[in-house]
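Participant: What follows is a single structure, and I will ask about it in a moment.
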2 protein chains.
Amino acid sequence: MGEGVRLSDEQRLDWLRLIRSDNVGPRTFRDLVNYFGGARAALAALPGLARRGGASGPARICPPEEAAAELRAARARGVEFVALGEPDYPVRLQMIDDAPPLLAVRGQLAVLKRPLVAIVGSRNASAAGVKFAERLAREVGEHGFGIVSGLARGIDAAAHRASLASGTIAVLAGGHERIYPAEHTELLETMLAEGAAVSEMPLAWEPRARDFPRRNRLISGLSVGVVIVEAARRSGSLITARLAGEQGREVFAVPGSPLDPRAEGTNGLLKQGATLVTEAADVIAVLEPILGRGLDLPAQEPEQELTGPLDHEPGEDERGRIVGLLGPTPVAIDDLVRLSQTSPAIVRTVLLELEIAGRLERHGGGLVSLL
Amino acid sequence: MGEGVRLSDEQRLDWLRLIRSDNVGPRTFRDLVNYFGGARAALAALPGLARRGGASGPARICPPEEAAAELRAARARGVEFVALGEPDYPVRLQMIDDAPPLLAVRGQLAVLKRPLVAIVGSRNASAAGVKFAERLAREVGEHGFGIVSGLARGIDAAAHRASLASGTIAVLAGGHERIYPAEHTELLETMLAEGAAVSEMPLAWEPRARDFPRRNRLISGLSVGVVIVEAARRSGSLITARLAGEQGREVFAVPGSPLDPRAEGTNGLLKQGATLVTEAADVIAVLEPILGRGLDLPAQEPEQELTGPLDHEPGEDERGRIVGLLGPTPVAIDDLVRLSQTSPAIVRTVLLELEIAGRLERHGGGLVSLL
């Protein structure tokens, strides 16, 4: 993946096909492209990988016509696909481990270049929470930050509305043609004048419950810091806060009464060391020095990458040994290398095959398990 | 001042006379007793000190009959005077720089021996604040801590009421015969069954505004930790929090909405590093290890003390040089010693004279100025 080089139309089509194919997520995409030297070669290799990985049936590869149709539909809707490594790709998002290879952007690309602050919180927000979110979004926005949120009811919508003029970004859990909640369609349209909407999902993707946590990593990944305004004990905003911490982003929380269930989550974050926010200055004072320092390194060490084409394919015995070491309990990839007495490259290849075959689950911290 | 030795009745009378005399505060009391070897000798020396210090008129020395009358009235009211250094004197309070030489106690002396937690906050408390203070006081009290507060309306009264059964202590800003606010007289009587009321002021002392901050150092001084439940930006509870910090006590604060003015003070304390409290366990988790370690040293280094009788009295030239260096701007005692080219003992003596003459003000951090 080149730095700051634009993909050709053909390459963009190949990238879209690869990321829209079964069992290819952002991490696998990166492994495949690095491994095979490009998306086209990776696409060609998918059937073989799936077979060697022991797929139960044929894994669906996105046909060129389908990807071309999505690109056409996107263009018609004013959606642009920005590829990881291209100059328009948001620079902080690029640093996260599972950055989407293609980001579908509607609205102003330029707003994604600004330093961004996420403001998120309960859908079931209190009047005070909404008022505070508005004040914070307006003041942080006026200070030059773009405001990122999730377009949800309550705190998210309040943050977007208060930063319409300064620039605000909605990160969608579904595709650009399936705005959720539908009642915020008009709000979203208004946002596009100075802001943007982004999605990693197919244009017509209807968001399901599990797409929201996945989306939340983009909210934090785009941002220098994340402010949680109101959050109950087990809420999606707390997932965003956790992901922000894992991504090395600043986590801020707004305090509330211990008797208010909507403050349980934020007070909990404060106990865990989040920065307490009662006014915009609290956020700005922490973030400005960070921006002054330029981009930080990611909090997690990047995993070891395969950088060239495969020197030799795994033999049946090697593959068997590695698969034999795997089970439903997550194990460390490092341990697999040691215990299988093969090379990191061989282990990585076998894991890639299993993944494409839909048999592998990746967990945090370099752990994998069989599905 | 002996450790754990009881004063004779005569000594107690002398102590009471000395602390009730003009211009003798707790620090001066200690200096005088150390300097002259006892309260009686100090009383005899007061007129000379005041004269040499340049008093404008005669400083009032508490006559023996007045002190005897206060002791009699106290006994009639069930109030006991406990002297610094006696076995019944609260052990943590003894460690503060300006511990009262005599503490007038009504109720159960034993409760003062328990580990104590102060719970304080706004008089103008919200219903939620009152409810939370009650819950916290009850749970911390049931865990074995005595609950200290200031008998004020709002949070203080809620904390006392919720810990009547486990033991609660009111620290009065006035004397035992002038309960403030008067409407809490009955509450106070109820508290005495398992708890206590303490005061350093004369029995009939009507509390004035400036007596409350002074009283607050006793609330924190008695306690291992201080919890501020609700506090506006400039409130007495914040003074208690500051004093607690200076005394090396743990400071806890209860969070609240940034839009609630009653949470401005507590949120501010949290920003400054106070421990966030949403439940009793937050307080107990911090305090139990401290109790396990036994008593801490005071946070501030004790000032250098004069321990023997004076080797020689200051000469007129020495006194003149030291007074000449003083003015309305606070200066460090160390600088006075250096610039006057006298000894620390001489400087200390001259300052004591000025103090007894009512001409000296002591500030924090070893600074003094002329009044």
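Participant: Using only atoms on other chains, find how many Cβ atoms lie within 10 Å of each Cβ of peptide A:249-257 and report the average.
Facilitator: Numbers: counts 0, 0, 0, 0, 1, 5, 14, 9, 14.
Whole-number average of other-chain Cβ neighbours for A:249-257 is 5.
Participant: Going by C-beta contacts inside 10 Å, put A:Phe81, B:Phe212 in order with the fewest on the left.
Facilitator: Details: A:Phe81 20, B:Phe212 17.
Ascending Cβ contact count within 10 Å gives the list B:Phe212, A:Phe81.
Participant: Further, regarding this structure: Toward the positive end of the charge dipole of region B:41-152, about the Cα centre and with charges on Cβ (Lys, Arg +1; Asp, Glu -1), which of B:Leu109, B:Ala128, B:Val91 goes farthest?
Facilitator: Result: B:Ala128, furthest along the dipole toward the positive end.
Participant: Sticking with this structure for a sec: Using just the alpha carbons, could you tell me how many Å³ per residue the convex hull of the protein assembly as shown encloses? Walk me through the intermediate numbers first.
Facilitator: Working: hull volume 150.9 nm³, N = 742.
Here the figure is 203 Å³ per residue.
Participant: So how do B:147-153, A:40-46 stack up, highest first, on mean other-Cβ count within 10 Å? Write out the running numbers ahead of the final one.
Facilitator: Numbers: B:147-153: 25.9, A:40-46: 18.4.
Top of the packing list down: B:147-153, A:40-46.
Participant: Report, in deg cm²/dmol and to the nearest 500, the calculated mean residue ellipticity at 222 nm for chain B, where each DSSP H run with n ≥ 4 adds -39500 (n - 2.57) and the sum is divided by the residue count. Each step should come with its number before you reach the end.
Facilitator: Details: 14 runs with 156 residues, N = 371.
Taken over chain B, the calculation gives -13000 deg cm²/dmol.
Participant: Further, regarding this structure: At what distance in nm do the modelled label points of B:His363 and B:Arg27 sit from each other, each positioned 7 Å from its Cα along Cα→Cβ?
Facilitator: 1.2
Participant: Once the Cβ-Cβ distance between A:Arg210 and B:Lys113 is put in as r, and R0 is 51 Å, what FRET efficiency do you end up with, to the nearest 0.05?
Facilitator: Numbers: r = 58 Å, r/R0 = 1.13.
Calculated value: 0.30.
Participant: Report the dimensions of region B:2-54 along its three principal axes from the alpha-carbon atoms, largest first, rounded to Å.
Facilitator: 37, 17, 16
Participant: Now for a different question. Please report, for B:Glu142, the nm distances (one decimal) from its label point, 7 Å out from Cα along the beta-carbon direction, to the equivalent points in the remaining copies, shortest first.
Facilitator: 4.8
Participant: Post the alpha-carbon centroid distance, region B:265-295 to region A:186-205, in whole angstrom.
Facilitator: If you average the Cα positions of each part, the centres end up 45 Å apart.
Participant: Quick one: Cα centre-to-centre distance for region B:1-58 and region A:342-370, in angstrom?
Facilitator: Taking the Cα centre of each part, region B:1-58 and region A:342-370 sit 82 Å apart.
Participant: Calculated FRET efficiency, B:Asn124 and A:Ala127, Cβ-Cβ r, R0 30 Å, to nearest 0.05?
Facilitator: Working: r = 22 Å, r/R0 = 0.72.
FRET efficiency, B:Asn124 to A:Ala127: 0.90.
Participant: Would you grab the residues whose amide H sits under 5 Å from the one on A:Val251? Only those 5+ places off in sequence or on another chain, please, with H modelled 1.01 Å from N.
Facilitator: Placed amide hydrogens put A:Val226, A:Thr275 under 5 Å from A:Val251.
Participant: Averaged over peptide A:261-269, how many Cβ atoms belonging to another chain are found within 10 Å of each residue's Cβ?
Facilitator: Values: counts 0, 1, 4, 1, 0, 1, 9, 2, 0.
The mean count of partner-chain Cβ atoms within 10 Å per residue comes to 2.
Participant: Compute, for the protein assembly as shown, the length of the dipole vector about the Cα centre, with Cβ point charges of +1 (Lys, Arg) and -1 (Asp, Glu) only. Units Debye, rounded to 20. Walk me through the numbers on the way to the answer.
Facilitator: Values: 84 positive and 96 negative charges, 246 e Å.
Here the protein assembly as shown has a charge dipole of around 1180 debye.
Participant: Quick one: what are the phi-derived ³J(HN,Hα) couplings along region B:179-195, Karplus 6.51/-1.76/1.60 with θ = phi - 60°, whole Hz, x for glycine and proline?
Facilitator: My calculation for region B:179-195 gives 5, 10, x, 4, 5, 9, 4, 5, 4, 4, 4, 5, 5, 5, 4, 10, x Hz in order.
Participant: Still on this structure: Cut-off 10 angstrom, C-alpha nodes, Gaussian network model of chain B. Which of B:Leu187, B:Leu32, B:Leu352 fluctuates the most?
Facilitator: So, out of B:Leu187, B:Leu32, B:Leu352, the one fluctuating most is B:Leu187.
Participant: Taking neighbour counts of Cβ atoms within 10 Å as a proxy for exposure, in what order, fewest first, do B:His143, B:His176 appear? Kindly include the intermediate steps, with their values, before the conclusion.
Facilitator: Working: B:His143 16, B:His176 23.
The most exposed by this proxy come first: B:His143, B:His176.
Participant: So for A:Glu316, A:Glu86, fewest C-beta neighbours within 10 Å to most, what's the order? All intermediate terms of the calculation are to be shown ahead of the outcome.
Facilitator: On the way: A:Glu316 8, A:Glu86 19.
Ascending number of Cβ neighbours within 10 Å: A:Glu316, A:Glu86.
Participant: Can you figure out the FRET efficiency of A:Ala332 with A:Arg234, using R₀ = 30 Å and their beta-carbon distance, to the nearest 0.05?
Facilitator: After rounding to 0.05, the efficiency reads 0.60.
Participant: For chain B, set up a Gaussian network in which alpha carbons nearer than 10 Å are linked by springs, and say which option among B:Arg75, B:Arg249, B:Arg92 fluctuates the most.
Facilitator: In the Gaussian network model the winner is B:Arg75.
Participant: Another one. Is the shape of region A:156-243 best called rounded, prolate or oblate, per the rule: a/c under 1.5 gives rounded, else a/b larger than b/c gives prolate, else oblate, with a ≥ b ≥ c the square roots of the Cα gyration tensor eigenvalues? Let's see the in-between values first.
Facilitator: Details: a/c = 1.63, a/b = 1.12, b/c = 1.45.
It is oblate, given that a/c is not under 1.5 and a/b is not larger than b/c.
Participant: Where the convex hull is taken over the Cα atoms of chain B, what is its projected area averaged over directions, in nm²?
Facilitator: Values: hull surface 73.4 nm².
The directionally averaged projection comes out at 18.3 nm².
Just so you know, all these numbers are worked out from the coordinates, no wet-lab data involved. Bear in mind the structure is a predicted one, so any value in this text is a computation, not a measurement. Glycine also receives a Cβ, built like all others from the backbone with ideal geometry; neighbour counts cover every protein chain displayed.
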